[in-house]
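Taken together, the values in this text are just the output of simple stated rules run on the coordinates, not laboratory data. No experiment lies behind these values; they were computed from the predicted model shown. Here the Cβ positions follow ideal geometry from the backbone for every residue, glycine too, while neighbour counts run over all protein chains shown.
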Amino acid sequence: MTGAGHGIGLATAQALAADGYKIVAVDRDRGALEAADLPAGSLLVEHDLAAVNSDVLATLPEDVRVGVLVNNVGVMDGRSFLELPVADAARVLQTNIVGSWAVTRAVVDHMLARSVRGSIVFNLSLHASRVRMCPDYSMSKAALAMLMQELAVELGPAGIRVNAVSPGAIDTGQVPTEEAQAHRERSAALVALGRVGEPEDVAKVIAWLCSEQAGYVTGTDVRVDGGLFHYNWLHHLYGSAAAERDRTR
């Protein structure tokens, strides 16, 4: 479980532990891992995905058998294309794309060597297919969406399923406290279900994709957005009053 120290990663670790998995929690910030309310018995691995020459599995005990990988890393600079220096864009792409590739390759090699019929889930974003004005982030998520589909086809014969989730407006606690309520209200107005999502909303879907209940599901990207992808266009095109009328019909 990469990016396990907070937000969706932490919620997913808790959900998978409830399903009986032993968690290997990976994050570049060991302090965040140690401070997080991770399930008892979790193995903590400090690892920066940008450091692709190191093996994230190298520190694990020999008897650990990895059956599930959740790729949950997604850094973002936030500047526009014309403002973002190439070197800074490269750091984002190195972490999000190359880092995810590297950890996935390590886990897939581990699975194949042990004939594990496992599951891999990428945490993408609605902005893998929709403009956000953060081209470094959107481009990286679009690349991972295609990687997910490629791997689903390539690894299917080995019994390894590969899927993704695309969260919408999720309250991961990263918005400053003084701005949080106003941000939640603005975001909720764009969501068909009328509320911002919680990390647990996404974690439940990831846990399902990892389970035998989804045993015939691969190559699929599940939106977990409360209807944001479709509904906010109604809001932008026709205004909040029209959106509210649609909500109450």
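Amide H to amide H, which residues 5 or more places from residue 74 or on other chains are under 5 Å from it, using H placed in the peptide plane?
Amide H neighbours of residue 74, under 5 Å, 5+ apart: none.
Given H placed 1.01 Å from N in the peptide plane, which residues other than close sequence neighbours of residue 168 have an amide H under 5 Å from its amide H?
224, 225
Mind listing the long-range amide H neighbours of residue 69? Cut-off is under 5 Å, sequence gap 5 or more, other chains count too, H placed in the peptide plane at 1.01 Å from N.
119, 120, 121
Can you work out ³J(HN,Hα) from phi for every residue in the range 27-37, in order, using Karplus 6.51 cos²θ - 1.76 cosθ + 1.60 and θ = phi - 60°, giving whole Hz and x for Gly and Pro?
Coupling constants for the range 27-37: 7, 6, 10, 5, x, 5, 5, 5, 7, 6, 7 Hz.
Highest mean first, what order results for 106-118, 193-205 on Cβ atoms within 10 Å? Working shown, then result.
Working: 106-118: 15.9, 193-205: 18.7.
Answer by packing, highest mean first, reads 193-205, 106-118.
Report the one residue of 24, 92, 159 whose Cα lies farthest in the direction of the positive end of the charge dipole of the chain (charges on C-beta: Lys and Arg +1, Asp and Glu -1; origin at the Cα centre).
159
Grab the other residues whose beta carbon is less than 11 angstrom from that of residue 26, score K and R as +1, D and E as -1, and report the net. Could the numbers behind the result be given before it?
Working: positive: 28, 30; negative: 27, 29, 46, 48.
Every neighbour counted, the sum reads -2.
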